[in-house]
1. In the stretch B:176-198, what count of residues is obtained for those that are within 11 Å of chain A (Cβ to nearest Cβ) and of a type outside the set (D, E, K, R)?
2. Here is a check on your reading of the model: is A:VAL33 part of a strand (DSSP E or B), at pLDDT 95 or above and within 14 Å of chain B (Cβ to nearest Cβ)?
3. Only residues that are polar (S, T, N, Q), within 22 Å of B:HIS226 (Cβ to Cβ) and part of a loop (DSSP other than H, G, I, E, B): list them for the stretch B:236-272, please.
4. Across the stretch B:5-47, which residue is modelled with the lowest pLDDT among those that are among the β-branched types (Val, Ile, Thr) and within 22 Å of B:ALA341 (Cβ to Cβ)?
5. Could you tell me whether any residue of the stretch B:26-45 is touching a Pro at 6+ places or on another chain (Cβ under 8 Å) and either under 26 Å from A:ALA91 (Cβ atoms) or away from chain A (no Cβ under 14 Å) (or both)?
6. Is it true that some residue in the stretch A:172-179 is over 29 Å from A:VAL272 (Cβ atoms) and assigned to a helix (DSSP H, G or I)?
7. Select from the stretch B:73-85 the residues that are assigned to a strand (DSSP E or B) and among the aliphatic types (A, V, I, L, M) and write down the one among them that is surrounded by the most Cβ atoms within 10 Å (Cβ to Cβ).
8. Just to check your reading of the model, which residue among B:ARG291, B:ARG320 is of a type outside the set (Phe, Trp, Tyr), within 14 Å of another protein chain (Cβ to nearest Cβ) and crowded, with 16+ Cβ neighbours inside 10 Å?
Amino acid sequence: MSSPRLVITGANGFVGRYVVAEGLRRGFRVGAVLRPTTATSSLGSLADHPALEILRGDLRHPKGLDGQLHHDDVVLHLAASKGGDFGTRFAGTVLATEHLLANADAAGVRDLVAVSTFSIYDQSAVKAGSAFDENVPLIAEPNKRDDYAKTKLVQETLYREWGDATVAVGPDAGSPHRMVIVRPGMIWGREELWHALLGSPLGPRFLRIGKSATLPLIYTENVADALITAAEALIDPDRAADAHGQTVNLVDDDLPTQDAYVDALAARGFDVPASVTVPWSMWRAAAGAGDLVNRALFDGNMKLPGIVVPEQLDARFKPFRYPNERAKHVLGWRPRHDFHTAMDRAMSTDDLLSIDTTVNAAS
Amino acid sequence: MTSSSATNATRRTAATSTLRAAVIGSGGISAQHLGYLRDSARADLVGVCDLSPITARYAGEFYGTAGIFTDAAQMIAETRPDVVHVLTPPSSHVGLALSCLDAGAHVLVEKPAAPTLPELHTLLDKAAAADRHVIENHNYRFNDGVVALADAVAAGRLGTVREVEIRMALDIRSPGGRFADENLPNGIHKMPAGVVHDFITHLTYLLDHFTSHVDWQRIAAGWSNHGGGDLFTVDDLDCTLIGHGPEGAVHGKLRFSALTGPEQFMVTVRGSEGFGVTELFQPYVELNVPRAGGGQLSPIANHIANGRTRFGEGFRNVGRKLMQRSPYHGLHQLLDDTYAALADGTEPPVTPEQMIRTASIIDAILDPEVRV
């Protein structure tokens with residue numbers, strides 16, 4: 001029996017291209033979902049791989065992938081909207097997921113690797129310095145968080161309802177869906193080296209908030225490895241039962257602090273923006289005071305920039321420890337590249353998407 | 001998912017002050033309508049409907065109603081609303097509004113209520129026969145700046161109105177924007193005025209607001225697609241209207257631009273004695289009118305008065321942003337006035353005559369005979 005096809009949404013995105021590459025390296029047929037007008041060349045050197053199929057569709061449309069899925073596909077859903085107003089994000093994340101799952105149901109698809117995010121956790125509900133794992137509560141008051149977190153939270157509701165349902169049609173009709181939800185931390189890589197966990201632009205400079213918080217990072221090639229490993233776990237008869245229904249956080253092993261991350265970038269020639277650094281505790285205290293004033297005088301109705309909203313600050317800068325044992329246990333995954341190796345790769349000129357058989361052997 | 005826990009409550013009479021409200025279409029603009037309905041004592045939100053189950057569910061949970069539907073007919077049958085807000089894409093407005101009227105509900109419909117004047121007449125005739133109201137969203141008429149200009153005109157501070165210019169600049173062609181998305185083409189491009197049809201009702205009812213007495217006799221409309229391509233049929237309108245009112249000649253100017261920045265929405269009213277300007281996106285009002293001190297001192301007095309206004313508006317606009325008082329505040333006022341009128345049995349603030357005049361101007365502008 002041939003191995004199932006991996007259908008990867010958001011295939012030409014920042015992470016998606018690495019997931020496509022990793023799927024091809026592991027010998028899968030890969031269906032890369034691209035929007036109708038997206039050039040195939042956006043997949044770079046992967047575009048001509050003989051095991052790659054291009055699936056055309058816009059998931060914001062109800063029939064985005066209608067008729068293009070097969071019952072034995074494993075769907076890896078990466079596509080999401082990270083920009084625009086709430087409506088744009090809702091369409092690109094929530095509607096897209098609703099439509100994808102409906103299209104999958106119509107085809108009798110059983111397996112889903114559902115990509116979520118750390119952003120849906122309620123960091124304010126956890127004591128600083130504690131272990132931040134899958135038991136951290138989810139956002140209780142979405143209005144205090146940004147649109148990305150709000151829409152990803154709704155998306156996970158859809159995931160869970162799908163995961164609790166059974167296959168409606170096809171050879172697996174009546175069987176329960178199989179699904180793993182993965183919540184990556186901040187994904188970084190060659191395409192996104194300077195990120196929101198370091199601070200925020202402030203005019204011509206960059207406002208760095210804190211120096212010593214451990215960053216919940218995962219490197220692009222490592223997250224791609226984890227997602228394909230999750231797909232393999234779902235279709236492995238010996239592992240599927242343990243994997244189904246699980247939610248796992250994805251972070252690397254050797255996580256740097258904010259300072260160590262910036263130093264590693266600078267040591268490799270990255271042009272670090274001119275920055276002003278403020279201590280986390282001072283900035284957070286000021287934001288907390290502002291929040292009190294907002295509540296006391298304006299009934300909390302004043303809409304302030306996220307960089308001074310306590311809940312949004314906590315989500316980005318509050319210091320925690322980040323274990324990854326559950327992902328290792330459920331998926332049998334280990335981060336392939338340590339931090340400094342990952343940094344070397346990200347800052348190199350190597351083609352990280354090449355289908356190198358030596359990587360196969362290593363994995 | 002097509003479910004509801006809404007009750008089949010008996011329709012409330014016009015004597016009660018709280019009207020049962022339902023919403024069809026939970027995208028984009030619905031947040032403004034639903035926000036009002038959630039917060040207002042005049043309305044009781046009994047149902048939301050969207051073709052997308054998760055969208056309907058999100059709206060229902062966020063705005064506080066258990067009446068969540070994906071089928072409009074089912075929602076109307078089960079919730080028996082007094083008022084239905086039709087907030088779907090424009091091409092579906094007439095059909096949905098007619099079915100709401102059939103069910104005995106008043107209809108508050110987003111602009112344009114109908115794609116053409118004959119279809120608007122069909123809708124309004126049906127409403128009249130059913131003794132119901134159809135109210136098209138003319139929200140910017142109720143913004144503070146427009147109200148201030150209208151008050152100045154009514155007080156005679158500008159003299160006789162001679163020219164009205166409505167100018168909107170929007171960056172509708174930026175990649176990733178909802179109108180420029182090649183992957184999921186916006187249905188508005190198929191309307192008679194292309195993407196401009198999404199805004200032309202605003203331009204036109206504002207013109208009519210200050211020139212309702214004018215018979216437009218000469219019109220020249222330049223429709224352009226400056227950005228080119230196949231997706232956009234139009235992205236620019238430059239229209240001049242010349243007419244006569246009871247006190248003589250009046251000029252109108254309607255301008256929509258996708259090329260100029262920053263984004264703005266300006267209303268300028270020029271009279272025989274003075275002129276007033278308001279900007280609706282970054283609100284301010286300027287009046288250049290005869291001041292105490294006579295003709296020679298008025299220019300200086302206007303400079304001082306308007307300078308003080310602009311300086312103060314800078315701070316007030318920061319406050320408006322922080323307190324989330326958006327350019328849609330006029331919509332909330334329109335809705336409040338409408339609900340009050342419907343509850344009291346009086347004429348709503350947007351009348352059939354205003355809607356017909358607005359649609360008539362749009363039809364005239366779209367006439368191939370006036371294209372330049």
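1. 5
2. yes
3. Residue satisfying the conditions is B:THR260 alone.
4. Applying the first criterion (among the β-branched types (Val, Ile, Thr)) to the stretch B:5-47 yields B:7, B:10, B:13, B:16, B:18, B:23-24, B:29, B:46.
Subsequent filtering for residues that are within 22 Å of B:ALA341 (Cβ to Cβ) retains B:13, B:16, B:18, B:23-24, B:29, B:46.
Details: B:THR13: 38, B:THR16: 51, B:THR18: 94, B:VAL23: 98, B:ILE24: 98, B:ILE29: 91, B:VAL46: 98.
Among them, the one singled out is B:THR13.
5. Taking the stretch B:26-45 and keeping what is touching a Pro at 6+ places or on another chain (Cβ under 8 Å), we get none.
Checking the stretch B:26-45: not a single residue is touching a Pro at 6+ places or on another chain (Cβ under 8 Å) and either under 26 Å from A:ALA91 (Cβ atoms) or away from chain A (no Cβ under 14 Å) (or both).
6. Filtering the stretch A:172-179 for residues over 29 Å from A:VAL272 (Cβ atoms) gives A:172-179.
Subset that is assigned to a helix (DSSP H, G or I): none.
No; the residues of the stretch A:172-179 include none that is over 29 Å from A:VAL272 (Cβ atoms) and assigned to a helix (DSSP H, G or I).
7. Checking each candidate, the answer is B:VAL84.
8. B:ARG320
The values are calculated or read from the model by the stated rules, or taken from the named source; none is laboratory data. Owing to the predicted nature of the structure, the values given are computational and were not obtained by experimental measurement. Here Cβ is always computed from backbone atoms with ideal geometry, including for glycine, and neighbour counts include all displayed protein chains.
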